[in-house]
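Below: the structure, in structure tokens.
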Amino acid sequence: AAMAQGLAQRLAARGPQLLNAALAYSKPRLATFWYYAKVELAPPTPAEIPRAVDSMKAMVRAFQSGRLAQLTVKEALRNGLVATEVLMWFYIGEIIGKGGLIGYNV
């Protein structure tokens, strides 16, 4: 019990110092995160939609011509990760829309 009390006293004495250190450490990282989150998580603009459609058409043509078999492992892994990210955002949107993990409220 005395050991726990000593730990609590040391934590209470150093708490503000630890909190200030944590804030100093996290502020620039959070600023960077929010900067990229605003850019990357924004919905597409009307000008970006035709480019996305053209990109999808090029991907279908590459699949039909067999060019996908010539991808490097790094490119294939990157494409797989992007596809997984898109799928996960879809699932997260479904969960939010349903209001739960299982089933719809009908």
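The values are calculated or read from the model by the stated rules, or taken from the named source; none is laboratory data. Please read all numbers here as calculations on a predicted model, not as lab measurements. FYI the Cβ positions are ideal-geometry reconstructions off the backbone, even for glycines, and counts take in every protein chain you see. Quick note on the areas: whole protein, heavy atoms, side chains included, nothing else; ligands and nucleic acids left out. Shrake-Rupley method; radii C 1.70, N 1.55, O 1.52, S 1.80 Å.
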Of the accessible area of the chain, with the probe set at 1.4 angstrom, what percent is carbon plus sulfur? 69
For region 1-42, what is the accessible area per residue in Å², given a 1.4 Å probe and the full set of protein chains? 94
In nm, to one decimal, how far is the modelled label at Val86 from the one at Leu68, with both set 7 Å along Cα→Cβ? 1.1
Full-extension gain in nm, Arg61 to Ala76, via 0.36 nm per residue minus C-alpha separation: 3.7 nm
Karplus-derived HN-Hα couplings along region 24-31 (A = 6.51, B = -1.76, C = 1.60, θ = phi - 60°), whole Hz, x at Gly and Pro: 5, 6, 8, 4, x, 5, 5, 4
Provide the per-residue ³J(HN,Hα) series for region 37-52, in order, calculated from phi with Karplus coefficients 6.51, -1.76, 1.60 and θ = phi - 60°, each as a whole number of Hz, with x at glycine and proline positions. 5, 4, 6, 7, 9, 6, x, x, 7, x, 6, 7, 5, x, 5, 5
Can you give the FRET efficiency to the nearest 0.05 for Val53 and Leu18, using r as the Cβ-Cβ distance and R₀ = 41 Å? 0.20
Within the chain, how many Lys pairs that are eight or more residues apart, or on different chains, come under 28 Å at the alpha-carbon? 5
For the chain, diffusion coefficient by Stokes-Einstein and Kirkwood Rh (Cα), 25 °C, 0.890 mPa s, µm²/s: 125
So how long is each side of region 47-105 along the principal axes, counting just the alpha-carbon atoms, biggest first, in Å? 45, 30, 18
